[in-house]
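See below for the structure under consideration.
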Amino acid sequence: VPYLQPGPEPAVHTQKAFAPQDTFTAKWTRADARQIKRMSDPGAGSRQSSMPAEYTMPNVPQDFPDMSNEQVWVWDTWPLTDANANQYSVNGQEIIFSLVADRNLGFDDRHVFAKIGYFYRPAGIPANLRPTNGGWTYGGLVFDEGVTGKIFKDQSYSHQTQWSGSARIFPGGEIKLFFTDVAFYRDAEGKDIKPYDPQIALSVGMVHANKKKGVWFTGFKNVIPLLSADGTYYQTGEQNPYFNFRDPFTFEDPAHPGETFMVFEGNSAMPRESAVCTAKDLGYQAGDPYAETVEQVNASGATYQIGNIGLARAKNKDLTKWEFLPPILSANCVTDQTERPQIYMKDGKYYLFTISHRGTYAAGLDGPEGVYGFVGNGIRSDYQPMNQGSGLVLGNPTNLNFNAGFPYAPDYNQPLGHFQAYSHYVMPGGLVQSFIDTIGTEGNFRRGGTLAPTVKIDIEGASSAVDHSYGSNGNGLGGWADIPANRNVNPVEQI
Ligand code: FRU
Ligand code: FRU
Ligand code: FRU
């Protein structure tokens, strides 16, 4: 248990479950998030991490191998899963989906050019017996040119891009690919003519795999729009041109058999300039000497950061029709981005994991780039932020005593891992995959665009800790780009 600096107490969260359609939204409060700074060592010097080792991803070396053999930039990546987040191989081939972009682009220019690509490799080989870069073969893009642009009413977009999601496998090899279909409307200078239009969407295809030809798809010729932000629960472009609405992840809940749910990234549906946070968003206990007032916080600019995690429910078995339910978590005046949310189940508990950036914290708060986690007794519950009530699960090595800088210009005083990894995804058994953003210090850093080594966290109740013994070198780092299947359709022995 880390030593805690003086500071406020976290809010009380009961983990109590509510019905999925209930209006209760759990709050990740400012009091909770301030526990992160309480765990940070104020004496940590230049280029040292100030954060506890149990919540910090081990250092990733700068001489990383590239999983695509220099073919594409790779970032957000997801496996082929079932309704319970098990990961599948098909006919002896493991399959993953990644956002990819042309390597002629600067890595930071990738977002408006992102497309979904895929990789495959033979299943059932231990990480230390694979090629160093993970041994994946790049299979190409999932969609033919033009397919994902068709859903937009206004066809005058300047950029049309595919953002993150998740892929579900069904009997017979059907794949439902849930993703974020995005249109940007920009002028020649790159300024928005009107707000971008992100839509949660579905495309259906079939997977084919064998030892000789690898993996290929048929289908994925049409896109079905599923959800656009509604302005009631989920902020729209009219309310805030910089709104976030993306990253669908679908699952079934054993407590509600026969239904399919989706979590996704949103923002609280308040207009940008008139958003306000409440005493509940702040979460201070009565009489806490470290409390802030609502007036102070609302005057501080913190109201520009109002991330939430949405919930939706399928209205048909084909998963082509969905309805919004109220958000399951809000981070009002805490952070603006609660990205790539996922539901992870263990020992009867529901874990809500999400990723967030250091740079998207609200005024007065701070925390590393990485994974944040919340535990409760149902998909909608009074989620308790994990680890001392803070929410921090796996951050990059970071020194909170110094500024961050940027992935393209890290601050002089940050350790080499400050921007090492992002877009972490928690897999069965507590394995965590992520992509490399920047490794190194000011003036001596290397950009990533490939997957980091997989690491492992041990999850126990409301606590987690990095397993530093994981990996064949005993340094907590597993294989590069290691995303192993834990289920096999037609295992390789049979074909
Ligand atoms: C910062 C970021 C990402 C988001 C993208 C939007 O890199 O805000 O989180 O996906 O830019 O353009
Ligand atoms: C996370 C993210 C996702 C988004 C994608 C866009 O790294 O910001 O939320 O779908 O990147 O590139
Ligand atoms: C285009 C494409 C996809 C298909 C794959 C087959 O890149 O035709 O539609 O899934 O290639 O390799």
### Task
Based on a Kirkwood Rh over C-alpha pairs, give the Stokes-Einstein translational diffusion coefficient of the range 142-300 at 4 °C and viscosity 1.567 mPa s in µm²/s.
69
### Task
Could you pull the Rg and Dmax for the chain, using just the Cα atoms, both in Å?
21.4, 68
### Query
For Phe152, what is the net charge nearby, where nearby means another residue's Cβ is under 11 Å from its Cβ and Lys, Arg count +1, Asp, Glu -1?
-1
### Message
What whole-number distance in Å separates the alpha-carbon centres of the range 77-105 and the range 255-317?
### Response
31
### Query
What longest region of the chain stays clear of GluC sites (Glu not before Pro) that DSSP places outside H, G, I, E and B and that have at most 11 other Cβ atoms within 10 Å?
190-495
### Query
Using r as the Cβ-Cβ distance of Glu145 and Ile125, and R0 as 35 Å, what FRET efficiency do you calculate, to the nearest 0.05?
0.55
### Summary
Answer in debye to the nearest 20: the dipole magnitude of the range 145-198 about its Cα centre, from +1 Lys/Arg and -1 Asp/Glu charges placed on Cβ, is 160
### Task
Please work out the Cα center distance from the range 347-411 to the range 419-442, rounded to the nearest Å.
13
### Query
Quick one: length gained pulling Gln296 to Glu460 fully straight, 0.36 nm per residue minus the C-alpha distance?
55.4 nm
### Message
Take the residue pairs Lys37/Lys280; Lys37/Lys349; Lys27/Lys191; Lys16/Lys315 and return only those whose Cα atoms are more than 23 Å apart.
### Response
Lys37/Lys349; Lys27/Lys191; Lys16/Lys315
### Task
For the range 167-242 and the range 327-341, write down the distance between their C-alpha centroids in whole Å.
21
### Task
Sum up the charges of everything whose Cβ sits under 11 Å from the Cβ of Gly376, counting Lys and Arg as +1 and Asp and Glu as -1, but leave Gly376 out.
+2
## Note on the structure
Expressed in nanometres to one decimal, the distance between label points 7 Å along Cα→Cβ at His111 and Asp288 is 3.0
### Query
Relative to the Cα centre, what is the charge dipole magnitude of the chain, using +1 at the beta carbon of each Lys and Arg, -1 at the beta carbon of each Asp and Glu, and rounding to the nearest 20 debye?
920
### Query
What's the FRET efficiency of Ile224 with Asp82 using the Cβ-Cβ distance as r and R₀ = 22 Å, to the nearest 0.05?
0.60
### Query
If the label point is 7 Å along Cα→Cβ of Ala255, which residues in the range 346-380 have backbone nitrogen under 16 Å from it?
346-353, 374-380
### Message
Per 0.36 nm of contour for each residue apart, how much would the distance between Ala363 and Lys211 grow if the chain were fully extended, relative to their Cα-Cα spacing?
### Response
49.4 nm
### Message
At 222 nm, what value in deg cm²/dmol follows for the chain if DSSP H runs of at least 4 each add -39500 (n - 2.57) and the sum is divided by all its residues, to the nearest 500?
### Response
-1000 deg cm²/dmol
## Note on the structure
The FRET efficiency for Lys280 and Glu70, from their Cβ-Cβ distance with R0 = 56 Å and rounded to 0.05, is 0.65
### Task
Mind checking the per residue accessible area of the range 17-486 for me, 1.4 Å probe, whole number of Å²?
36
### Message
Using a 7 Å offset from the Cα along the Cα-to-Cβ direction at both Thr14 and Thr132, what is the distance between the two label points in nm, to one decimal?
### Response
5.5
### Summary
Lys and Arg at +1, Asp and Glu at -1: neighbours of Leu99 with Cβ under 10 Å from its Cβ sum to +1
### Query
Per the 1.4 Å probe, what fraction of the accessible area of the range 17-486, in percent, lies on carbon and sulfur atoms?
50
### Task
State the extension gain, in nm to one decimal, for the chain segment bounded by Asp411 and Thr232, taking 0.36 nm per residue of separation less the distance between their alpha-carbons.
60.5 nm
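The values are calculated or read from the model by the stated rules, or taken from the named source; none is laboratory data. On a predicted model such as this, the values are computed, not experimentally measured, just so you know. So basically every Cβ, Gly included, is an ideal-geometry build from the backbone, and we count neighbours across all protein chains shown. All accessible areas refer to the heavy atoms of the entire protein, side chains included, with ligands and DNA or RNA removed. Shrake-Rupley method; radii C 1.70, N 1.55, O 1.52, S 1.80 Å.
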